[in-house]
Amino acid sequence: MLNTSVAIRDIAKKLLDEKRVDLIIGFEKGSVPLRSTPCFVRSTSEADRLIWNVNCENNLAKYLPKTKERVAIVAKGCDVRSIIGLIKENQVTREQVFIIGIPCKGMIDRRKIEAKLDGKEIIEAEEKDDTIILTGNNLREIIKKEEFLHNSCKTCTHRNPVIYDVLIGDKVVEDQAVDEYREVKEFEAQSHDERWRSFSDEVSKCIRCYACRNACPFCYCQECFVDSSQPQWIGKTTNLSDTAIFHIVRAFHIAGRCVDCGSCDRACPMGIDLRRLTKKMEMDVKDLFHYEAGISLEDMPPLATFNPDDPQEFMMV
Amino acid sequence: MELNIMENQIQQPREKVDEWEPKIIAFLCNWCSYAGADLAGVSRLQYPPNTRIIRVPCSGRISPLLILRCLQHGADGVLVSGCHPGDCHYISGNYVARRKFAILNNFLEYLGIEKGRVQFAWISAAEGKRFAELVQKVTEDVRTLGPATRLVRKQG
Ligand code: SF4
Ligand code: SF4
């Protein structure tokens, strides 16, 4: 990890020195253990703040839409897929972004570690190979990284950046065996009533803070349908009907665009299982239109195009 | 579209349960399905009176928000219809719409909204009879499902 950090700093300095970019977007050490935060570097003297570790889960592609500058961005597999999506949606140009790609073995879910520690405070966390050493008052524990990965990382099938300008570190082996839609299929196997009950239980926790929307690289609309007052599509309450429709339409709006980076899921303060919704959209788009988001710069976004032979069995005959 | 006009069409006091009659909103495209409904009318075809028609320029105009808002504000069922594939007045509006409808249809079912509450069809301007039949079918389906409860916005 240290090597990766050093490599990021070197490339950042080089890019800034040669004036190839105006801005580097990467990560720096956060103020608490197991936390890295986005970092914006404009001069070589600041470049040493840049780091890389297993807490760089944020999807920095969020900062790209509508930027006018030339930007170098540190990006994992899922982040690169988001960048591809944003380029296709004309939010940023390929020439404008310099992708510092990093093959990723998965990021760590702090909440899962905290749950295990039962309230004990971590003062320091140190990464060592496949483990993390946690220390604090009455605390010294060595945990295995793979047991605390984010849910989206556990089912990730694109750990290596699909495109990049420079790749730091060796490519990692992609997980071919994982069934990324297992949970969706299990949910589908339930009855209508059970599905409605569990969907409504889940979304009734929502406080409509919109952290999920704000974290999503694809939610860049100037005016979101939830904020529109003319027409006011849905009420601004946490009434079940309003929240349910908010979640249905949010999922609909990222259909064929979502790359399952997990940002929304991580951002939710209420712990709502948002991937249950986004994964279904992803699966259907794949099944119906044979499209996977963020893999190629050439193919058309699935909802912006059509095939005369698209399935229509669902329609009345 | 003025949402409050749309809502006035749907929002009427709920009758007592034993007198319940399904309220169905039909979004029909101007060029085919609306003309199909017109033909049903001038041909004096009988079909259940539960459907309120909203004319839209094209099935491509239908946003899921329109459909969901109907369900939220008292419609028991929604029918969406446009020109048959290949016949769209705007060449491809219905093809693009079909993709949206496919995923919306699956998604609503996934979340436990009863199958049949929201239905999609192609009806041409010549298909007055088919229009009457499909409206009959949707009305029966919704009647079997009973009043919509999921997604309905309760007052207060
Ligand atoms: S919907 Fe969630 S998982 Fe999908 S791209 Fe947006 S933030 Fe990432
Ligand atoms: S982040 Fe969670 S609580 Fe906030 S609006 Fe999204 S789902 Fe609701």
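The values are calculated or read from the model by the stated rules, or taken from the named source; none is laboratory data. All values derive from a computational prediction rather than experimental measurement. No Cβ is skipped: glycine too gets one built from the backbone with ideal geometry, and neighbour counts run over all protein chains shown. The protein model used for the area step is the full one, side chains on, heavy atoms only, and it has no ligands, DNA or RNA in it. Shrake-Rupley method; radii C 1.70, N 1.55, O 1.52, S 1.80 Å.
Only one of (1) open to solvent by 30 Å² or more (accessible area, probe 1.4 Å); (2) in contact (Cβ under 8 Å) with a residue 12 or more places away in the chain; (3) assigned to a loop (DSSP other than H, G, I, E, B) fails for A:Pro103. Which number is that?
Every listed condition holds for A:Pro103 apart from (1).
Within the range A:178-208, can you find the residues that are out of contact with any helix residue (DSSP H, G or I) (no Cβ under 9 Å at 6 or more places or on another chain) and hydroxyl-bearing (Ser, Thr, Tyr)?
Matches in the range A:178-208: A:Ser191 only.
Any chance the range B:43-62 includes a residue that's within 11 Å of another protein chain (Cβ to nearest Cβ), open to solvent by 10 Å² or more (accessible area, probe 1.4 Å) and within 29 Å of A:Asn307 (Cα to Cα)?
Yes.
Can you tell me how many residues within the range A:227-277 are in a loop (DSSP other than H, G, I, E, B), within 8 Å of ligand 1 (Cβ to nearest atom) and charged (D, E, K, R)?
Within the range A:227-277, residues that are in a loop (DSSP other than H, G, I, E, B), within 8 Å of ligand 1 (Cβ to nearest atom) and charged (D, E, K, R) number 2.
How about the range A:172-205: which of its residues are surrounded by 12 or more Cβ atoms within 10 Å (Cβ to Cβ) and either among the polar types (S, T, N, Q) or away from chain B (no Cβ under 14 Å) (or both)?
A:Val172, A:Glu174, A:Asp175, A:Val178, A:Glu180, A:Gln190, A:Ser198, A:Ser200, A:Ser204, A:Lys205 - these are the residues of the range A:172-205 that are surrounded by 12 or more Cβ atoms within 10 Å (Cβ to Cβ) and either among the polar types (S, T, N, Q) or away from chain B (no Cβ under 14 Å) (or both).
Please work out which one of (1) within 15 Å of ligand 1 (Cβ to nearest atom); (2) of a type in the set (D, E, K, R); (3) more than 27 Å from A:Glu298 (Cβ to Cβ) is the condition A:Asp179 fails and give its number.
Among (1) within 15 Å of ligand 1 (Cβ to nearest atom); (2) of a type in the set (D, E, K, R); (3) more than 27 Å from A:Glu298 (Cβ to Cβ), A:Asp179 violates only (1).
All but one of (1) within 16 Å of ligand 2 (Cβ to nearest atom); (2) buried (at least 18 other Cβ atoms within 10 Å of the Cβ) hold for A:Cys224; state the number of the condition that does not hold.
Evaluating A:Cys224 over (1) within 16 Å of ligand 2 (Cβ to nearest atom); (2) buried (at least 18 other Cβ atoms within 10 Å of the Cβ) leaves (2) as the failure.
Those residues that are at the interface with chain A (Cβ under 7 Å from one of its Cβ atoms) and not basic (Lys, Arg), I need them from the range B:65-103; list them, please. Explain how you work it out, then say what you get.
Just the residues of the range B:65-103 that are at the interface with chain A (Cβ under 7 Å from one of its Cβ atoms), to begin with: B:65, B:68-69, B:72, B:85, B:92, B:95-96, B:98-100, B:102-103.
Correct list: B:Leu65, B:Leu68, B:Gln72, B:Pro85, B:Ser92, B:Tyr95, B:Val96, B:Ala102, B:Ile103.
Being small (Gly, Ala, Ser), under 22 Å from the mean Cα position of the chain (by Cα) and in a helix (DSSP H, G or I) is the requirement here; does A:Ala293 meet it?
Values: small (Gly, Ala, Ser): yes; under 22 Å from the mean Cα position of the chain (by Cα): yes; in a helix (DSSP H, G or I): no.
Criteria not met by A:Ala293.
What pairs come out if I take residues in the range A:194-214 that are under 16 Å from B:Arg153 (Cβ atoms) and pair them with residues that are more than 10 Å from ligand 2 (Cβ to nearest atom) and open to solvent by 70 Å² or more (accessible area, probe 1.4 Å) whose C-beta lies under 9 Å away, six or more apart or interchain?
A:Arg208/A:Lys236
So if I check each of A:Ile122, A:Ile113, A:Ile83, A:Ile87, which one is surrounded by 14 or more Cβ atoms within 10 Å (Cβ to Cβ), in a loop (DSSP other than H, G, I, E, B) and not aromatic (Phe, Trp, Tyr)?
Going through A:Ile122, A:Ile113, A:Ile83, A:Ile87 in turn, the sole match is A:Ile122.
Cβ-Cβ below 6 Å, separation at least six or inter-chain, first residue in the range B:107-123 and more than 17 Å from A:Leu240 (Cα to Cα), second open to solvent by less than 10 Å² (accessible area, probe 1.4 Å) and β-branched (Val, Ile, Thr): which pairs?
Short answer, once both residue conditions are applied: B:Val118/B:Ile67; B:Val118/B:Val78; B:Gln119/B:Val138; B:Phe120/B:Val80.
Taking the options A:Asp242, A:Asp273, name whichever one is more than 8 Å from ligand 2 (Cβ to nearest atom), of a type outside the set (S, T, N, Q) and within 9 Å of chain B (Cβ to nearest Cβ). Give the steps one after another, and end with the answer.
Numbers: A:Asp273 fails: within 9 Å of chain B (Cβ to nearest Cβ).
A:Asp242 is the lone residue from the list that is more than 8 Å from ligand 2 (Cβ to nearest atom), of a type outside the set (S, T, N, Q) and within 9 Å of chain B (Cβ to nearest Cβ).
Answer yes or no: is there a residue in the range A:156-170 that is exposed (fewer than 12 other Cβ atoms within 10 Å of the Cβ) and touching a residue at least 12 places away in the same chain (Cβ under 8 Å).
Yes, the range A:156-170 contains at least one residue that is exposed (fewer than 12 other Cβ atoms within 10 Å of the Cβ) and touching a residue at least 12 places away in the same chain (Cβ under 8 Å).
Give me the pairs: first residue in the range B:138-150 and more than 12 Å from chain A (Cβ to nearest Cβ), second residue part of a helix (DSSP H, G or I), beta-carbon distance under 8 Å, and six or more apart or on different chains, which are they?
Every condition considered, the pairs that remain are B:Pro147/B:Val17.
Restricting attention to the range A:286-317, report how many residues are in contact with a Cys (Cβ under 9 Å, 6 or more places away or on another chain) and either at the interface with chain B (Cβ under 10 Å from one of its Cβ atoms) or farther than 23 Å from B:Glu109 by Cβ (or both).
Applying the first criterion (in contact with a Cys (Cβ under 9 Å, 6 or more places away or on another chain)) to the range A:286-317 yields A:293-294.
Then keep just the ones that are either at the interface with chain B (Cβ under 10 Å from one of its Cβ atoms) or farther than 23 Å from B:Glu109 by Cβ (or both); that gives A:294.
Of the residues in that region, 1 qualify.
Listed here are the residues, each with its yes/no results for (1) open to solvent by 30 Å² or more (accessible area, probe 1.4 Å); (2) among the small types (Gly, Ala, Ser); (3) more than 14 Å from the chain's Cα centre (by Cα).
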{"residue": "A:Ser5", "(1), (2), (3)": "no, yes, yes"}
{"residue": "A:Lys13", "(1), (2), (3)": "yes, no, yes"}
{"residue": "A:Ile24", "(1), (2), (3)": "no, no, yes"}
{"residue": "A:Pro33", "(1), (2), (3)": "yes, no, yes"}
{"residue": "A:Ser36", "(1), (2), (3)": "no, yes, yes"}
{"residue": "A:Phe40", "(1), (2), (3)": "yes, no, yes"}
{"residue": "A:Ile73", "(1), (2), (3)": "no, no, yes"}
{"residue": "A:Lys76", "(1), (2), (3)": "no, no, no"}
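Which residue out of B:Tyr95, B:Tyr90 is more than 12 Å from the chain's Cα centre (by Cα) and either part of a loop (DSSP other than H, G, I, E, B) or touching a residue at least 24 places away in the same chain (Cβ under 8 Å) (or both)? Spell out how you get there, then give the answer.
Details: B:Tyr95 fails: either part of a loop (DSSP other than H, G, I, E, B) or touching a residue at least 24 places away in the same chain (Cβ under 8 Å) (or both).
Checking each option against the conditions leaves just B:Tyr90.
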